[in-house]
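Working notes for the structure below.
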Amino acid sequence: MEKKSFKGYIYLLPSIIIMICFTLYPLVRAIVMSFLGDYSIINGSYKSIGFDNYKDLFKDPDFFKSLRNTSIYVICVVPASICLSLLIAVLINNCKKFKAFFQTVYFLPYVTSVIAIGIVWRWMFNSNYGLINYALGLFGIEPIQWLNRPEYAMPALIIFAIWKSMAFNILIFLAGLQTIPEDIYRAARIDSTPRFRVFTRITVPSLAPMIVYSSVIGMIGAFKVYNEVFSLFQGKAGPANSAITIVYYIYDKFYNSYKYGVAAAGSVVLFLIILAMTQIQLRVTGEKKKN
Amino acid sequence: MTTKRKVINTVAGVLKYGILIFGAIFTVLPFVWMISSSLKTPAELVAAPPSLFPEVPQWENYKTAWAAAPFARYFVNTLIVTLCTTCGVLVTTVLSAFAFSRLNFPGKKTVFALFLATLMIPGEMLIITNYETIINLKWIDSYKAMIVPWISSAFYIYLLTRFFMQVPESLYLAAKVDKCSDFKYMIKIMVPMNKQAIFSIAILNIISSWNAFLWPLLVTNSQEMRVLSNGLVRFQTEAGSSTELIMAASCMLVMPIIIIYLFLRKYIIEGVTRGGLKG
């Protein structure tokens, strides 16, 4: 390699400027803002410095509700999506015909706008004319007030989110399955190992890194859920705020109640959660590399 | 093969395709339902049992929806924002990836680590202060506000750096001997050799810009500056119970991306897989 020179920075300049202005500065600024009581974005004024915003945050029952809902969302969506995706990916991988066809179909939700397709799900969840209640009616189940009753808001959101999140997982698992050497399967066939044993003893262990990766990425994404809520409940957080999530809470404080400091404090809490998730991911992938 | 074995294999085969077909129907159902609802009459929408296809496709629903709100304007805005953002991303990504993969400069490792570290910051956290910045810059209600913050992506830079690293170093050294400048080498050799990866990044970015929702909603006030996804949500409130029109409008937002996907899915899948398996 040639000698070091600062020329590299000329190439990096555009990215560095954008990164400083729109990533690093706002990060520091958000942390600072979270310690300013009654901060106003319009003229930059504030009344106090300290933990007031955090006190407000942890006194607010809506914030706890948003934490609880987000946790329920993460716990339901991520494992269900991983398991279903794993099943579908293994089946697609076993297909001789239509492999490309199924892959194309199953990946479709990934590329579509959450907002637009959320509006369609809203229509399908409609309690009087929705397709879902009609289908349930065929099995003798009474119409469910999916979007109008607090107890059904989270289930509706979770069903929509599982549908949306499977595409990415299936893709990652399919890519992982292709790296498993065919020889192992052939050996298992010669030994006439039962299919289920092949699945639990060969497929799942070989895919373990991808499963961990998908889980962490899925968890990080699920902690940041917002667009799904917005589109399914037409800009609201479900009946009586029953489907309020952390990010929804932050944006609501910021955009509708003008409580910038509290919103910033909420976003710092979110940041810490995401940071913890990322540390788990780094730990796990680090171990993978060691092995 | 014994008969018993044969039977088991047949059952397994049927079960396999059965599950796959059921899952595929579940996956495409919202899309099919969106298209079918957009072509129905109001009476057909609420008919019980619901029909999968309308008796006579009501194509004029699209005309009505298109005329009911300035969708043409929204379309142009979305196109401008998407194309400008993507061009910006490609320029900054290629330049940065080249610097990280081939050039030697002091602090390179630190800067690269810093870029990677920014991937851990949730964008949701930055929106509040970025909104403040846009207000202070007096950029509210402008294309710049929707484009500039998004023209650089640490993730794509990381992705492309890995592709650039795979190009043999000897090519670079040979070019140096021939007195080829770094910039010329980047344009003439690095970019053409990695055009598939760059193309994948472009398409992925087109999709995410096209679908962007919250940021454009925050930084625009006037109807003239609205993008499609924001216009759709506004239209949903205005159109109220005209579900067929709302579905037609949703189709307008979703269909261009689905068409791009069906034609270029190889690049999209390749890009997402490479990005996903970075470990």
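Just by accessible area at a 1.4 angstrom probe, what is the order of A:Asp38, B:Asp182, A:Asp56 from largest to smallest?
On the way: A:Asp38 105, B:Asp182 5, A:Asp56 70 Å².
Solvent-accessible surface, decreasing: A:Asp38, A:Asp56, B:Asp182.
Computed with a 1.4 Å probe on the full set of protein chains, the accessible area for A:Ile20 sits at about 90 Å². Here region B:63-276 is treated with +1 on each Lys and Arg Cβ and -1 on each Asp and Glu Cβ, and its dipole about the Cα centre works out to around 680 debye.
What is region B:1-113 by shape, rounded, prolate or oblate, if you read a ≥ b ≥ c off the alpha carbon gyration tensor as root eigenvalues and call it rounded for a/c under 1.5, prolate for a/b larger than b/c, and oblate otherwise? Oblate shape, in that a/c is at least 1.5 and b/c is the bigger or equal ratio. Using 0.36 nm per residue and subtracting the Cα-Cα separation, the extra length available between A:Arg201 and A:Ser48 on full extension is 49.1 nm. Mind listing, in residue-number order, the residues in region A:64-97 that have at least 30 Å² less accessible area with every protein chain present than in their own chain alone (1.4 Å probe)? Those residues are A:Leu91, A:Cys95. Inter-label distance, B:Thr64 to A:Asn148: 2.4 nm, where each label sits 7 Å from its Cα along the C-beta direction.
Is chain B rounded, prolate or oblate when judged by the Cα gyration tensor, a ≥ b ≥ c being the square roots of its eigenvalues, rounded requiring a/c under 1.5 and prolate requiring a/b larger than b/c?
Values: a/c = 2.55, a/b = 1.31, b/c = 1.95.
The shape class here is oblate.
The interface between chain A and chain B buries about 8700 Å² of solvent-accessible area in total (1.4 Å probe, ligands and nucleic acids excluded).
Within a straight-line Cα-Cα reach of under 24 Å, A:Lys236 can be paired with the following lysines, leaving aside sequence neighbours fewer than 8 residues apart in one chain: A:Lys59, A:Lys65, A:Lys164, A:Lys224, A:Lys253, A:Lys259. What is the list of residues in region B:3-30 whose amide nitrogen lies under 17 Å from a point 7 angstrom out from the Cα of A:Asn94, following Cα to Cβ? The answer is B:5-24.
Loop-located trypsin sites (Lys or Arg not before Pro) in region A:1-68 (DSSP state other than H, G, I, E, B) with a sparse environment of at most 10 neighbouring Cβ atoms within 10 Å: A:Lys3.
Run the numbers on region B:63-276 and let me know its relative contact order in percent, using alpha-carbon pairs under 8 Å that are six or more apart. Could the numbers behind the result be given before it?
Details: 168 pairs, mean separation 74.6, N = 214.
Contact order relative to length: 35 percent.
A 1.4 Å probe, protein heavy atoms only, puts the accessible area of B:Phe155 near 60 Å². Projecting the Cα atoms of B:Ala69, B:Val254, B:Met120 onto the charge dipole of the protein assembly as shown (Cβ charges, centred on the Cα centre) puts B:Met120 farthest toward the positive pole.
With the helix formula -39500 (n - 2.57) applied to DSSP H stretches of n ≥ 4, chain B reaches a computed 222 nm mean residue ellipticity of -24000 deg cm²/dmol. So what is Rg over Rh here for chain A, counting just Cα atoms and using Kirkwood for Rh? Reported Rg/Rh, Kirkwood definition of Rh: 1.05.
Of the whole protein surface, B:Phe53 contributes about 140 Å² of accessible area at a 1.4 Å probe radius. Could you give the longest part of chain B that holds none of the trypsin sites (Lys or Arg not before Pro) found in DSSP loops with at most 10 neighbouring Cβ atoms within 10 Å? Formally, the longest exposed-site-free interval is B:1-137. Solvent-accessible area assigned to carbon and sulfur over the protein assembly as shown amounts to 66 percent, based on a 1.4 Å probe.
The residues of region B:3-58 expose, per residue, 58 Å² of accessible area to a 1.4 Å probe. The count of lysine pairs in region B:63-276 with alpha-carbon distances below 18 Å, taking only pairs 8 or more places apart or on different chains, stands at 5.
Based on the Cβ-Cβ distance from B:Leu116 to A:Lys4, what FRET efficiency comes out when R0 is 25 Å, to the nearest 0.05?
On the way: r = 21 Å, r/R0 = 0.84.
Between B:Leu116 and A:Lys4 the formula returns 0.75.
The charge dipole of the protein assembly as shown, taken about its Cα centre with unit charges on the Cβ atoms of Lys, Arg (+1), Asp and Glu (-1) only, comes to about 2100 debye. Name all residues of region B:215-233 having a backbone nitrogen under 13 Å from the label point set 7 Å from the Cα of B:Asp141 along its Cα→Cβ direction, giving them as ranges. Only B:219-226 fall inside the zone, counting backbone N under 13 Å.
Distance distribution note for the protein assembly as shown: the fraction of Cα pairs above 34 angstrom is 46%.
For the pair B:Ser241 and B:Ser222, the difference between a 0.36 nm per residue extended length and the Cα-Cα distance amounts to 4.4 nm.
Rounded, prolate or oblate: which one fits region B:165-229, using the alpha carbon gyration tensor with axes a ≥ b ≥ c (rounded when a/c is under 1.5, else prolate when a/b beats b/c, else oblate)?
Values: a/c = 5.06, a/b = 3.16, b/c = 1.60.
It comes out prolate by the Cα gyration axes.
Can you sort A:Leu270, B:Leu83 by solvent-accessible area, 1.4 Å probe, largest first? Before the final figure, lay out each step's value.
Working: A:Leu270 0, B:Leu83 90 Å².
Output order, biggest surface exposure first: B:Leu83, A:Leu270.
The values are calculated or read from the model by the stated rules, or taken from the named source; none is laboratory data. None of the values given here were measured: they were computed from a predicted structure. All Cβ positions, even for glycine, are placed from backbone atoms using ideal geometry, and neighbour counts span all protein chains on display. For the accessible areas, the whole protein counts, side chains as well, though only heavy atoms, and no ligand, DNA or RNA atoms are used. Shrake-Rupley method; radii C 1.70, N 1.55, O 1.52, S 1.80 Å.
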